[in-house]
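Engineer: What follows is a single structure, and I will ask about it in a moment.
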Amino acid sequence: MTSAVRVPRPMVLAGAVVFLLALGLVVLTIGQPSSAASSASGTSSSAAPAETSADVGFARDMAVHHQQAVEMSFVVRDRTDDADVRRLAYDIINTQANQRGMMLGWLETWGRPKSSERPPMAWMGHPVTPTGDGSLMPGMATDAEMDELRKAGGTAAEILFLRLMTVHHRAGAEMARAGAGAAGTAEIKNLAAGMVRGQESEIGLMADMLKERGAGA
């Protein structure tokens, strides 16, 4: 009968110590972020565009511009039964409300306030001084024009909406072109370029709709 081999007690203790040390290193490695992750986090933070950047200025100004387009679309939706105009209004509401939410979300992520004391469009190099009539930027309807739209109905409301929105889109597309060219972030560059394409397409559509109603832009 073969007798069991006895392992000296000091060797057992040494093995246990080595095992515990190795386990501790594993725990420390898992518990601490890697240098690559830390570096990436720091890069993300430092990459936030500056307060005076085109990215921040565009996001703020276009969010305001979009807000009025959404408001006008809600108004005309309730002032006409025309399927084509209501469909266009729904498209503008859905698209521009979503884009506005994205821009406000990016401002939040960048740690930038959603409003500023700087004049609108200062990031484009030609700041605008609001005139007090409700039109805060080029293309925006005045308070009087918005009141007129709220009071109109039927074909008159459709024509007024299409005319106001055409002017609104032209100015919006111009701002978006500037944003796509001057922005430093991929988010703003891509969004602004998409706005140009979308709004120019809708300008063409609205021109056709105005002709169908015997009116011009």
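Engineer: Before we move on, is Ala182 touching a His at 6+ places or on another chain (Cβ under 8 Å) and in contact (Cβ under 8 Å) with a residue 24 or more places away in the chain?
Structural biologist: No.
Engineer: Name the residue that is surrounded by the most Cβ atoms within 10 Å (Cβ to Cβ), counting only residues in region 121-133 that are in contact with a helix residue (DSSP H, G or I) (Cβ under 7 Å, 6 or more places away or on another chain) and farther than 11 Å from Ala59 by Cα.
Structural biologist: Met124
Engineer: Hey, another quick one. What single numbered condition from (1) modelled with pLDDT of 95 or more; (2) in contact with a Leu (Cβ under 7 Å, 6 or more places away or on another chain); (3) assigned to a loop (DSSP other than H, G, I, E, B) fails to hold for Ala59?
Structural biologist: Single failed check for Ala59: (3).
Engineer: Return the only residue of Gly184, Gly198 being closer than 29 Å to Ala50 by Cβ and part of a helix (DSSP H, G or I).
Structural biologist: Checking each option against the conditions leaves just Gly198.
Engineer: Still on this structure, I have one more. Given the options Ala193, Ala180, Ala171, Ala157, name the one that is over 20 Å from the mean Cα position of the chain (by Cα) and of a type in the set (A, V, I, L, M, F, W, C).
Structural biologist: Ala157
Engineer: Residues in region 138-155: is at least one on the phi > 0 side of the Ramachandran plot, in contact (Cβ under 8 Å) with a residue 24 or more places away in the chain and either outside any helix (DSSP H, G or I) or of a type in the set (Phe, Trp, Tyr) (or both)? Lay out the reasoning, then the answer.
Structural biologist: Step one: list which residues in region 138-155 are on the phi > 0 side of the Ramachandran plot, which gives 139, 154.
Within this subset, residues satisfying the condition of being in contact (Cβ under 8 Å) with a residue 24 or more places away in the chain are 139, 154.
From what's left, either outside any helix (DSSP H, G or I) or of a type in the set (Phe, Trp, Tyr) (or both): 139.
So far as region 138-155 goes, yes, one or more of its residues are on the phi > 0 side of the Ramachandran plot, in contact (Cβ under 8 Å) with a residue 24 or more places away in the chain and either outside any helix (DSSP H, G or I) or of a type in the set (Phe, Trp, Tyr) (or both).
Engineer: Considering only residues that are under 30 Å from Leu149 (Cα atoms) and free of Cβ contacts under 8 Å to residues at least 40 places away in the same chain, look in region 92-116 and name the one that is surrounded by the fewest Cβ atoms within 10 Å (Cβ to Cβ).
Structural biologist: Asn98
Engineer: Identify, from the list Arg150, Arg118, Arg112, the residue that is at pLDDT below 95 and in contact with a helix residue (DSSP H, G or I) (Cβ under 8 Å, 6 or more places away or on another chain).
Structural biologist: It is Arg118.
Engineer: Against the condition of a type in the set (Val, Ile, Thr) and either more than 19 Å from Ala215 (Cα to Cα) or surrounded by fewer than 18 Cβ atoms within 10 Å (Cβ to Cβ) (or both), how does Thr185 come out, does it pass?
Structural biologist: When the stated conditions are applied, Thr185 passes them.
Engineer: Mind checking which residues of region 160-206 are out of contact with any Lys or Arg (no Cβ under 6 Å at 6 or more places or on another chain) and among the β-branched types (Val, Ile, Thr)?
Structural biologist: Selection gives Thr166, Val167, Thr185, Ile188, Ile203.
Engineer: For the structure I just gave you, tell me whether Arg197 is modelled with pLDDT of 95 or more, touching an Asp or Glu at 6+ places or on another chain (Cβ under 7 Å) and either farther than 19 Å from Ala89 by Cβ or among the basic types (Lys, Arg) (or both). Spell out how you get there, then give the answer.
Structural biologist: Numbers: modelled with pLDDT of 95 or more: yes; touching an Asp or Glu at 6+ places or on another chain (Cβ under 7 Å): no; either farther than 19 Å from Ala89 by Cβ or among the basic types (Lys, Arg) (or both): yes.
Here the answer is no, as Arg197 does not meet what is asked.
The values are calculated or read from the model by the stated rules, or taken from the named source; none is laboratory data. The structure displayed is predicted, hence computed values, not measured ones. All Cβ positions, glycine included, derive from the backbone under ideal geometry; neighbour counts span all protein chains shown.
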